[in-house]
Amino acid sequence: MEDRAVIVQSLSKTFDKVRALHEVSFEVSRGEIFGMIGPDGAGKTTLFRILSTLMLPGSGQAEVLGTDVVKNYRKLRKRIGYMPGRFSLYPDLTVRENLEFYATIFGTTPAENYHLIRDIYIQIEPFSKRRAGALSGGMKQKLALCCALIHKPDLLILDEPTTGVDAVSRKEFWEMLLKLKQGGMSILVSTPYMDEAAQCDNIALIQEGRILVTAAPHEVTASFSLPLLGVRSNAPWLLLNDLRQWPYAESVQPFGEFIHVIAQPGHGEPQALLSFLKEKGHPDPEVRVLQAGIEDCFMHLMGAPSHAI
Amino acid sequence: MKEEAVISVSHLYKRFGHFTANDDLCFEVGRGEIFGFLGANGAGKTTAMRILCGLSKPTSGDVKVAGFDVYTQTDHIKRNIGYMSQRFSLYEDLTVLENIRLYGGIYGLSRQKIREKSAQLLSRLEMEHMQNSLIKSLPLGWRQKLAFSVAIVHDPPIVFLDEPTGGVDPLTRRQFWNMIYEAAHRGITIFVTTHYMDEAEYCDRISIMVDGQIAAIGTPADLKASYGVSSINEVFIILARGRQAVTE
Amino acid sequence: MKRFGGFIIKEFLHIFRDKRTLLILFGMPVAQMMLFGYVITNEIREVRFAVLDHSHDQNTRDIVDRITASSYFRLETVLSSDEEIAGCLREGKVKMVLVFDRDFASNMEREGKASVHVITDASEANTASIIYSYAAGIIQDYSRKSAAPASPSSQLTISPRMMYNENLEGVYMFVPGTMAMILMLISALLTSISIVREKEQGTMEVLLVSPLKPVQIILGKVTPYVVLSLINAVSIIALGYFVFGLPVAGSLLLLIAECMLFIMTALSLGILISTATSSQQTAMMISMLALLLPTILLSGFIYPIENMPQFLQWLSVIMPPKYFIIIVKNVMLKGTGLEYVWKETLILAGMTLFFLGLSARKFKVRIDVKTGRKGPFKRKEP
């Protein structure tokens, strides 16, 4: 059996002169979770549609489960489970009816592959008679995942399954994906949430149709070579403005309660920044050296200008 | 809490049949405050927000927005708030300038005022060269920033933002929050919902809704301290999950 | 096959879950029939008429008796000369005058040919044409039954004369029109909406990725509507018969087969619309503007085609309902067979094939480029 679930080689796609994908190449191994991470409009949906055989590539090649996505699309469609960006459920059918419908069109029954979906379905089972339209976001997404899994696909392609879903449901969703992976499933998933990257075995950061980097999450963060400082005080707005005045700052961006300052090489000592802030009249700022996260890397790779607006 | 409350909610209930979407909500939001309104899907955020915007009436309880009563003075409320959501904000088939003019006109600004405002707004966003582009041709990030500026074009005392940064790239998200800070600095009260927990940290105060009730309210630092955790994300998960385990 | 069956079950579930669709499906035909039916049939109950009989024989008496026996007409007066006709009509004493030629009975026996004139007050054009067709129906019925088996060629010529609006042509009958309208609405409008809804919901993507073939998807979406449209066609015919006493003069089987054909035409149009649109609203607008309005206005349903400006007449040539209405009028009201409507039938069949071919070309096994952009993210809190 092929040890690569997905092989993409210099794939491009253009809509009405707008480049949605530009020379995209990456590989997904069997049995791994591969995260395609980037904001809306980065080209994730286009890429996933091409890989799900829903769209033709402009140029380049894509092979999924050892099958070409253009030539053998019909054969391939039986072997992938695809969950589009919007919840692909019938709101007027009940939970059970949705599941049964998707099972029938793939020529199977919910009972046949129940072991695959048991852990997930058990959470929505109490609502099995409720119409899918009346479920909360988290529940819908669990049901949609069940529906995508019901024909026992070899590869799951999930397009932004956690967009618009609250933090708790997102966490639960990723726990499910990890369990599926342990069962041997290959999973290709996209997300605009950078913090979800850590859950993947490998990630690609994508922006404006180009892949910025492909690697394991820890390799991505390890490759961040500039000094990174986290600063916090009681007056974040003033602090932000003053930090932008610091001559050695490459970039200054708020990150939750800390403001992340990327310093120029050789200026990563907290002390220098601390005294600069004291001079500016901040009574008690906290400055510490930080490890870069995926979001730091992403913004840096985007070529973030240091001054916004 | 600040001395001047622009939103005051006391014992707000909203029921749909037997279902209680908002269960005894009590909170105040002060002038110039950035108030983060968090909650799981289906916790009742949207319902409460609709009431605050004067789009639906509470079942019971006192609610005042910008000093006006939500039962009787919804017209005044609508004139005194700005609203922006991730899902619909600007008209895609109109240009940047046309959208600004439209919203200025809706809120009753004079032609002179609209002209001033649009020039000011475009220069602040550095979008002068795009003023005649159709909205649909703009990248999402630009659209969201413009939508926010348009939502406060009439200088309302309060602006409601419903998941304004969903799906936006990390850099634009920060630029967006920069604008929120600026607006708050000018005295505009910001009432915002988000699924990004790091953004919750940017708020002056946040409330977390679970099953129709406010499960926690306070400054991000206080909340983290009282739950003994290091991020709002963890606070959120403790609250939302704890409650779910009980109800299901 | 099991896949396909599951698909159709799901489609029926959609229909039965949606109260509005149900209402359109089953409420519309009844409401329309009642509406058109009562407005019209009320007018032709107990219509007063006069007779001018130059022949005075058994046959003419039989015909007058038959007409009088029906609940539609009441004999008001018997005239003695042609001069009286105009005055009688003008005063509004009667709405119709029957004139039998001299030697009516002997003409009929000898030459198998006789003529009767039906003169109506056509200042109310629609009523006039209905009155005419009712009277003509009764007379024809008589001639068919009384024809001696030995002389099968026996024929009655009924010549209508619409006074005061002499060039009014075409028989206005509400049943064929209503039928065309309702079948068009259900078949084209509802199918196009239901297909487009799948696109809007994002479920079409999953269907396309599934092993279902596009043909199966389309057939699955369409089959329930074929069944329901047919039920509707039959119930319209039944309503016409039981409530308004409108018998099917020709072959019922042929009539239903023609209905089936028209349903196919409408469905193929619905599919075509669905391939060209991506939102339910657009699909609805196109169906309304491009199908329903022309059905009502350009098919001869309400306005006779012959009276339209030349340009609209040309336009009406490409309106499928026009041919359907002609077919139904012939089969249902005049009682003619396929030999009289084969041309129209062929045209409808051709149109259906053309639309289907066009849809097949447009329906993609992949998503069209236009929908490459993501729709609004929909979510609702209770």
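The values are calculated or read from the model by the stated rules, or taken from the named source; none is laboratory data. Remember, it's a predicted structure, so these values are computed and weren't measured experimentally. Neighbour counts run over all protein chains shown; Cβ positions are idealised from the backbone, glycine included.
Remarks
- Helices (runs of 4 or more DSSP H) enclosed by the range B:1-109 - at least 2 residues per element that are under 18 Å from the mean Cα position of the chain (by Cα) and buried (at least 17 other Cβ atoms within 10 Å of the Cβ): B:45-52, B:74-79
- Scanning the range C:205-215 for residues being assigned to a helix (DSSP H, G or I), facing chain A (nearest Cβ under 9 Å) and touching a residue at least 24 places away in the same chain (Cβ under 8 Å) gives a total of 2.
- Set A:Val287, A:Val252: member being more than 14 Å from every other protein chain (Cβ to nearest Cβ), touching a helix residue (DSSP H, G or I) at 6+ places or on another chain (Cβ under 6 Å) and part of a strand (DSSP E or B): A:Val287
- Residue within the range B:5-15 that is more than 15 Å from B:Thr193 (Cβ to Cβ) and modelled with pLDDT under 90 present: yes
- Yes/no for B:Glu33 being without any contact (Cβ under 8 Å) to a residue 40 or more places away in the chain and acidic (Asp, Glu): no
- Of all residues assigned to the range A:181-188, none qualifies as being within 12 Å of the chain's Cα centre (by Cα) and either within 12 Å of chain B (Cβ to nearest Cβ) or surrounded by fewer than 18 Cβ atoms within 10 Å (Cβ to Cβ) (or both).
- Condition met for C:Val78 (assigned to a loop (DSSP other than H, G, I, E, B), at negative phi and away from chain A (no Cβ under 14 Å)): no
- Summed over the range A:30-49, residues that are surrounded by 24 or more Cβ atoms within 10 Å (Cβ to Cβ), within 14 Å of chain B (Cβ to nearest Cβ) and not in a loop (DSSP other than H, G, I, E, B) total 3.
- For the range A:122-181, a residue qualifies if it is in a helix (DSSP H, G or I), over 24 Å from A:Gly66 (Cα atoms) and of a type in the set (D, E, K, R), and the qualifying residues are A:Glu125, A:Lys140, A:Lys142, A:Arg170, A:Lys171, A:Glu172, A:Glu175, A:Lys179.
- From A:Lys152, A:Lys140, residue being at the interface with another protein chain (Cβ under 10 Å from one of its Cβ atoms) and closer than 25 Å to A:Leu51 by Cβ: A:Lys140
- Which listed residue is of a type in the set (A, V, I, L, M), surrounded by fewer than 24 Cβ atoms within 10 Å (Cβ to Cβ), over 30 Å from A:Leu135 (Cβ atoms) and more than 9 Å from chain C (Cβ to nearest Cβ), from A:Val70, A:Val24: A:Val70
- Selection status of C:Phe16, closer than 11 Å to A:Asp92 by Cβ and either of a type in the set (Gly, Ala, Ser) or modelled with pLDDT of 85 or more (or both): yes
- Number of residues in the range A:159-176 that are in contact (Cβ under 8 Å) with a residue 40 or more places away in the chain, of a type in the set (A, V, I, L, M, F, W, C) and crowded, with 22+ Cβ neighbours inside 10 Å equals 0.
- Entry remark, the range B:171-209: residues being facing chain A (nearest Cβ under 7 Å) and either acidic (Asp, Glu) or in a helix (DSSP H, G or I) (or both) number 11 in total.
- Residue check for A:Gly81: in contact with an Asp or Glu (Cβ under 9 Å, 6 or more places away or on another chain), of a type outside the set (S, T, N, Q) and at the interface with another protein chain (Cβ under 9 Å from one of its Cβ atoms): yes
- Counted residues, the range A:50-67 - those being assigned to a strand (DSSP E or B) and either away from every other protein chain (no Cβ under 14 Å) or under 14 Å from A:Thr214 (Cβ atoms) (or both): 4
- Filter result (in contact (Cβ under 8 Å) with a residue 24 or more places away in the chain, polar (S, T, N, Q) and surrounded by fewer than 19 Cβ atoms within 10 Å (Cβ to Cβ)) within the range A:234-272: A:Asn234, A:Gln245, A:Gln264
- Among the residues making up the range A:84-118, those that are of a type in the set (Val, Ile, Thr) and either assigned to a loop (DSSP other than H, G, I, E, B) or within 10 Å of chain C (Cβ to nearest Cβ) (or both) are A:Thr94, A:Thr104, A:Ile105, A:Thr108, A:Thr109.
- Pairing each residue of the range A:4-18 that is more than 10 Å from chain C (Cβ to nearest Cβ) and farther than 13 Å from A:Thr46 by Cα with any residue that is assigned to a strand (DSSP E or B) and polar (S, T, N, Q), provided the two are 6+ apart or on different chains, yields C-beta distances under 6 Å for A:Ala5/A:Ser186; A:Val8/A:Ser25; A:Gln9/A:Ser25; A:Gln9/A:Gln61; A:Ser10/A:Ser25.
- The requirement of being touching a Pro at 6+ places or on another chain (Cβ under 8 Å), within 14 Å of chain B (Cβ to nearest Cβ) and not basic (Lys, Arg) is satisfied by A:Val231.
- Checking every residue in the range C:88-100 against the condition of being surrounded by 15 or more Cβ atoms within 10 Å (Cβ to Cβ) and part of a helix (DSSP H, G or I) gives at least one match.
- Scanning the range B:210-234 for residues that are more than 10 Å from chain A (Cβ to nearest Cβ) and of a type in the set (A, V, I, L, M) yields B:Ile214, B:Ala215, B:Ala216, B:Ile217, B:Leu223, B:Ala225, B:Val229.
Listed here are the residues, each with its yes/no results for (1) among the β-branched types (Val, Ile, Thr); (2) not assigned by TED's automatic domain parsing to the domain that holds B:Cys26.
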{"residue": "B:Gly141", "(1), (2)": "no, yes"}
{"residue": "B:Ala147", "(1), (2)": "no, yes"}
{"residue": "B:Ile190", "(1), (2)": "yes, no"}
{"residue": "B:Glu201", "(1), (2)": "no, no"}
{"residue": "B:Ile214", "(1), (2)": "yes, no"}
{"residue": "B:Ser226", "(1), (2)": "no, no"}
{"residue": "B:Ser231", "(1), (2)": "no, no"}
{"residue": "B:Glu234", "(1), (2)": "no, no"}
{"residue": "B:Ala240", "(1), (2)": "no, no"}
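Results for (1) assigned to a helix (DSSP H, G or I); (2) within 20 Å of C:Ala188 (Cα to Cα); (3) over 15 Å from the mean Cα position of the chain (by Cα); (4) in contact (Cβ under 8 Å) with a residue 40 or more places away in the chain, shown as yes or no for each residue.
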| position | (1), (2), (3), (4) |
| --- | --- |
| C:Ala249 | no, no, no, yes |
| C:Ala257 | yes, yes, no, no |
| C:Thr265 | yes, yes, no, yes |
| C:Ser274 | yes, yes, yes, yes |
| C:Ser278 | no, yes, yes, yes |
| C:Leu291 | yes, yes, no, yes |
| C:Ile296 | yes, yes, no, yes |
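- Flag for B:Pro156 being buried (at least 19 other Cβ atoms within 10 Å of the Cβ), within 16 Å of the chain's Cα centre (by Cα), away from chain A (no Cβ under 14 Å) and in contact (Cβ under 8 Å) with a residue 40 or more places away in the chain: yes
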